[in-house]
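Chemist: Provided herewith is a single structure, encoded as structure tokens, for subsequent inquiry.
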Amino acid sequence: MIKLTGLTKRYPGRSVTANAVDGIDLEIPEGKLVTLLGPSGCGKTTTLRLIAGLERADRGVIEIGGQVVSDPEHRIFVGTHRRPIGIVFQSYAIWPHMTVIDNVMFPLRVNRPRPKKSAARETAMQALDLVGLADFAERPAPAQSGGQQQRVALARALVREPKVLLLDEPLSNLDKGLRGRMRDEIRAVQQRLGITTVFVTHDQDEALAVSDEVVVMNGGHVIEQGLPQAIYTYPQDMFTARFLGVSNSLDGVVDSVGPDGATVTLGSRSMVCRQSGTAQPGERVSVFMRPESFRLSRRQHSEDAWPGTIEFSIYHGDCWDYHVRLDDDLLKVRVYQEKVGLAHGDSIFLEPDPDSAIVISGDKQEAEQTPEEASPADAVARTR
Amino acid sequence: MTLLADKQVPAPAARSRQRRSWRELLQPRYITLAVAALVVAYLALVPIGTMLYASLRSEFLGTTPGTWTFQHYADTFSAPGFGQLVLNSFLYAGATAVVCTVFGFGLAWLVVRTNTPAKGFARIAALVPLIVPGILNTVAWSLLLSPQRGPVNVLLRQGHLPIFNVYSLVGMVFVQSMHVIPVAYLMGTAAFTSMDSSLEEAALASGSSPVRTFRSITLRMARPAILSAILLMFIQTISTFEVPQLIGVPAHHYVFVSRIYSALQNFPPDYGTVGVLGVFVLVVACAGLLLAQRLGRASAVQTITGKGFRAQPQDLGRWRWAGLAAFLLFFLVAVALPIAMLIWSSLLPGYEQPSLSALRHLTFSNFEEIVRRPGLAQSVKNSLITAFASGFIVTVLTAFIAYITVKTKIRGRGLLDGLATVPIAVPSVVMGVGVLYWYLAAPLPVHLYGSLSILIVAFVTITLPYGMRYLAPGMSQIKDELEEAATASGASWLQAFWRVFIPLLMPSLLAAFLYTVIVSFREISAAIFLYTSGTEVVSVQVYDLYSNGSYPVVAALGVVMVVFLSVLAGAVRLISRRFGIKSG
Ligand SMILES: Nc1ncnc2c1ncn2[C@@H]1O[C@H](COP(=O)(O)OP(=O)(O)OP(=O)(O)O)[C@@H](O)[C@H]1O
Ligand SMILES: [Mg+2]
């Protein structure tokens, strides 16, 4: 188990307001894989390095397995080499002057109790076996491909059976196909060993696929923490919603709350949202909708459908993306299984899905800035 | 440059291909290449060849025709004391190399890999070898450490401590180290900067203690760089003149360089023996350089830099103040002390111990002396002429060579590149002797010996590789597209060349020029063999005056040199920083 309380870190030379990690409280349960997910520069790596003891915190307590390893207030700092951790760096950091097996054996040979060389070798071979590299043991380390190096790094991190495994974007140096395979492999090994793992990534698909829990971070803060499916389907925060690609948001006021959910008035339109959380009548809210959660048709099927016009369309092969104009708002809508596309200026009707609308209290203007860069399609849409 | 651009001409038949290849060789681009190669080969190879020739002839520069013989080799190698000479030389150069590398890499590690607050000092310390020529360093230290009157020894004696006699092997190693440590420091900086700190962090995270990590990861990773630095320091030390002559000779500790010098001072000069010794030093230097290059290549293979590279400084905790203290001490000893000594001596009419009472005698008369004494003013003029002329010639020549080797794909350009780097492997003493021999013996219509031209020829050859070091990377930074974009905008080739290529290259050209001026201006190891009465350069004049005991004037001349070189070095730095020039 890892427990962080009020963890704060500012790099020397940075301004007082620019904490890389700004008061993080976090609990990582025993045996679980937790991902730290967030945009570049949000402090994921710094958090990981603080847990590893490669950086010193300014404030806050770090506990690993019940032992306090860092607490500046009480002048406690356990050096990296005395913490029960294994770490895989983004660059893998395989020692180029050693063979594969020497790399993996190194942690055993520098720790107490120091096993005999043959015993150390045996353990190292088991670790290599675990990652499917047993045949490569005697090769020089630099002669390995990216995927192999990553597995050597993983074996090296696991070989002394640490309590905690720390992974800093371990897949970002791999090509796309390999990335998926290695991701599943890491997850399989982690579950087999039941080892508490912190996985840093800025890729939401990766985070959703491997984690028991996802921690969303931004600007040195934890935004929210939860099960992957919960975070994905019903994010509690606007930042999370935007970061996870929920691109449409409309401002409105809750009209009434009934057993079927809340009725929200959005300007001249209104819709029913089944999952409205704690929204109260009269509250100002933002309603977030994924591009997939609309039904788009040329004719009006129901009273609830909104009339609009196609602003522009993008063909992806398996789907179409439409930018639909509804008076002042521009919505992104994704439609699967349609052979013939719509074109600029076509009139259509949009029917929002009441089950997948996400209601978040407050105005979207108050939300932090969207982390995603504007897509080229947006740019074109604006210039039209 | 269409003339030099590579055009693949498909050859239909073998026969016509052969004929065409002959015609191809007569194309202007090959002629250009050939001319450049000939010039460089003449500069780099002919002096060495002449020296080799002299070592193999029974008679050199004599009136009677000689024969081919190994006699000189046999004589030199079997002469009593030759073993001692080799031992002395290797001991001196080896000890210096090790000391310099240990200190240089230690300081580099402190600056690059730890949070020691010494970055500013480090930057200044790295400039020192540029602005304090070896000859001045030697002079300053022999004044500081002279057994009787050197202020350091006076202090030691007052404290009832044993004095440090500079005229000893240890003294030689110390003085030469003071000059070369900054060079080793620069090499260490390069090695440690390119090392990914996550390699060390991975070891720490594996449970390895910081000390163990330093030993089995940091040092092990830096090993090729350390070994190659030792070799390069060794070569530099074994081939320079000032310390062996000014400190080694009074200590009766003869090494190759001082032996070569004394053999040429004898009458009649022993050309054969000198040739043999020169060849010997050359072989040692070449072997060392080859080995160093092999090591360098091995370490290049070893550095795998992936994404996420960071050179994270290590937190030394309270020890970082110890690191700072080490740097302060080094700065004080290697930089401040010699320069302070030069300034102090230059302001007194005769040498006096630093004291308050001596302050009354402060005077600028020594500086006036530089202007007044005809020989001195002449030497300053000679130095300026030779340094600037060499700088200009080298810049133009290397610009040409770099263009051919970097921007074109002519066959044979690798050879040219190789030729231009040959002078790196030739110790300056050997180059001095070689140039001397060639221009004494060559049946040339004009006699260069006795004129400044012979010095310029030597300086050009010696600084050729330095010019390449600035211009080759400078040129490869300029993408072909920039020139092509100009051509595509309607500029003729010449316009594109003058208005796009040259302006972009200007900072590199300027940096190369100033740097070669600096190197030529400080040069003594070759110049000492090539000057004649009237063509002394400043560094030679410093040596002469010092040998005659005119310490105050030497010091004044030294101060002028340091100021001049500081200005040039500052300009190089400014240009490099401003325009982001990487020198190889
Ligand atoms: N060594 C350092 N010195 C100064 N500032 C740093 C240092 N390392 C990181 N920072 C700053 O701290 C903040 C957090 O950085 P961190 O590396 O933790 O981000 P990250 O979430 O891992 O980002 P990425 O996804 O790009 O790796 C950033 O603003 C970064 O610029
Ligand atoms: Mg990171």
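The values are calculated or read from the model by the stated rules, or taken from the named source; none is laboratory data. These numbers come from a predicted model, not from an experiment. Because the Cβ atoms are built from the backbone with ideal geometry, glycine has one as well, and the counts that use them run over all protein chains shown. Ligands, DNA and RNA are stripped out before the accessible areas are found, and what is left, the full protein with its side chains, is counted by its heavy atoms. Shrake-Rupley method; radii C 1.70, N 1.55, O 1.52, S 1.80 Å.
Chemist: Considering only region B:221-230, I want to know if a residue exists there that is within 30 Å of A:Glu161 (Cβ to Cβ) and part of a helix (DSSP H, G or I).
Modeler: Yes, because at least one residue in region B:221-230 is within 30 Å of A:Glu161 (Cβ to Cβ) and part of a helix (DSSP H, G or I).
Chemist: What is the number of the single condition among (1) outside any strand (DSSP E or B); (2) polar (S, T, N, Q); (3) surrounded by fewer than 21 Cβ atoms within 10 Å (Cβ to Cβ) that A:Gln225 does not meet?
Modeler: Result: A:Gln225 fails condition (1) only.
Chemist: Here's another thing I want to ask about it. State whether one or more residues within region A:52-64 are under 29 Å from A:Ile231 (Cβ atoms) and in a helix (DSSP H, G or I).
Modeler: Looking for residues that are under 29 Å from A:Ile231 (Cβ atoms) and in a helix (DSSP H, G or I), one finds at least one in region A:52-64, hence yes.
Chemist: Scanning region A:199-220 for residues that are in contact (Cβ under 8 Å) with a residue 24 or more places away in the chain and more than 16 Å from ligand 2 (Cβ to nearest atom), which turns out surrounded by the fewest Cβ atoms within 10 Å (Cβ to Cβ)?
Modeler: Ranking the qualifying residues of region A:199-220, first place goes to A:Ala209.
Chemist: Still on this model: Filter region A:23-40 for residues that are of a type outside the set (A, V, I, L, M) and away from ligand 2 (no atom under 16 Å from the Cβ); which is farthest from the other protein chains (Cβ to nearest Cβ)?
Modeler: Looking at residues that are of a type outside the set (A, V, I, L, M) and away from ligand 2 (no atom under 16 Å from the Cβ), I get A:Asp25.
Chemist: Suppose we filter A:Thr47, A:Thr5 for residues that are more than 14 Å from ligand 2 (Cβ to nearest atom) and in contact (Cβ under 8 Å) with a residue 24 or more places away in the chain; which single one remains?
Modeler: The match here is A:Thr5.
Chemist: I would also like to ask the following. Answer yes or no: is there a residue in region A:363-382 that is at pLDDT 75 or above, in the same structural domain as A:Thr265 (by TED's automatic domain parsing) and outside any helix (DSSP H, G or I).
Modeler: The answer is no, given that none of the residues of region A:363-382 is at pLDDT 75 or above, in the same structural domain as A:Thr265 (by TED's automatic domain parsing) and outside any helix (DSSP H, G or I).
Chemist: Take the residues in region B:25-43 that are open to solvent by 40 Å² or more (accessible area, probe 1.4 Å) and at pLDDT 85 or above, then tell me which one is farthest from B:Gly414 (Cα to Cα).
Modeler: Applying the filter and picking the extreme gives B:Tyr42.
Chemist: If you check A:Ala120, A:Ala141, A:Ala124, which single one turns out to be within 14 Å of chain B (Cβ to nearest Cβ), closer than 15 Å to A:Ile94 by Cβ and without any contact (Cβ under 8 Å) to a residue 40 or more places away in the chain?
Modeler: A:Ala124
Chemist: Same structure, new question: Applying the selection to region B:240-256, what residues are assigned to a loop (DSSP other than H, G, I, E, B) and open to solvent by 10 Å² or more (accessible area, probe 1.4 Å)?
Modeler: B:Thr240, B:Val249, B:Pro250, B:Ala251, B:His252, B:His253, B:Tyr254
Chemist: What's the number of the only condition in (1) surrounded by fewer than 21 Cβ atoms within 10 Å (Cβ to Cβ); (2) more than 30 Å from the chain's Cα centre (by Cα) that B:Glu200 fails to meet?
Modeler: Unmet condition: (1).
Chemist: Go through region B:49-64 residue by residue and tally those that are open to solvent by 30 Å² or more (accessible area, probe 1.4 Å) and among the hydrophobic types (A, V, I, L, M, F, W, C).
Modeler: Going through region B:49-64 one residue at a time, the tally reaches 3.
Chemist: Determine which single condition B:Ser208 fails, assuming it passes every other condition in (1) surrounded by fewer than 20 Cβ atoms within 10 Å (Cβ to Cβ); (2) within 14 Å of another protein chain (Cβ to nearest Cβ).
Modeler: So B:Ser208 meets the others, but not (1).
Chemist: Considering only residues that are within 21 Å of A:Glu73 (Cα to Cα) and within 13 Å of chain B (Cβ to nearest Cβ), look in region A:10-21 and name the one that is farthest from ligand 2 (Cβ to nearest atom).
Modeler: By that ranking, first place goes to A:Pro12.
Chemist: Test B:Gly432 against the criterion of being assigned to a helix (DSSP H, G or I) and small (Gly, Ala, Ser), and give yes or no.
Modeler: yes
Chemist: Answer yes or no: is there a residue in region B:500-522 that is outside the structural domain of B:Leu130 (by TED's automatic domain parsing), open to solvent by 10 Å² or more (accessible area, probe 1.4 Å) and among the small types (Gly, Ala, Ser).
Modeler: no
Chemist: Could you tell me which numbered condition A:Glu30 fails, if it satisfies all but one of (1) away from ligand 1 (no atom under 16 Å from the Cβ); (2) under 20 Å from A:Arg156 (Cα atoms)?
Modeler: With (1) away from ligand 1 (no atom under 16 Å from the Cβ); (2) under 20 Å from A:Arg156 (Cα atoms) applied to A:Glu30, the lone miss is (2).
Chemist: Name the residues in region A:65-84 that are outside any strand (DSSP E or B) and more than 9 Å from chain B (Cβ to nearest Cβ), would you?
Modeler: Answer for region A:65-84, where residues must be outside any strand (DSSP E or B) and more than 9 Å from chain B (Cβ to nearest Cβ): A:Gly65, A:Gly66, A:Pro72, A:Glu73, A:His74, A:Arg75, A:Val78.
Chemist: Name the single residue, out of those in region A:6-27 being under 28 Å from A:Ile186 (Cα atoms) and open to solvent by 50 Å² or more (accessible area, probe 1.4 Å), that is farthest from ligand 1 (Cβ to nearest atom).
Modeler: A:Glu27
Chemist: So, one more: Within region B:152-169, can one find any residue that is touching a Ser or Thr at 6+ places or on another chain (Cβ under 8 Å), part of a helix (DSSP H, G or I) and either within 17 Å of A:His81 (Cβ to Cβ) or free of Cβ contacts under 8 Å to residues at least 60 places away in the same chain (or both)?
Modeler: yes
Chemist: Continuing with the same structure: So in region B:216-228, with the set limited to residues that are at pLDDT 90 or above and away from chain A (no Cβ under 12 Å), which one is least open to solvent (accessible area, probe 1.4 Å)?
Modeler: B:Ile226
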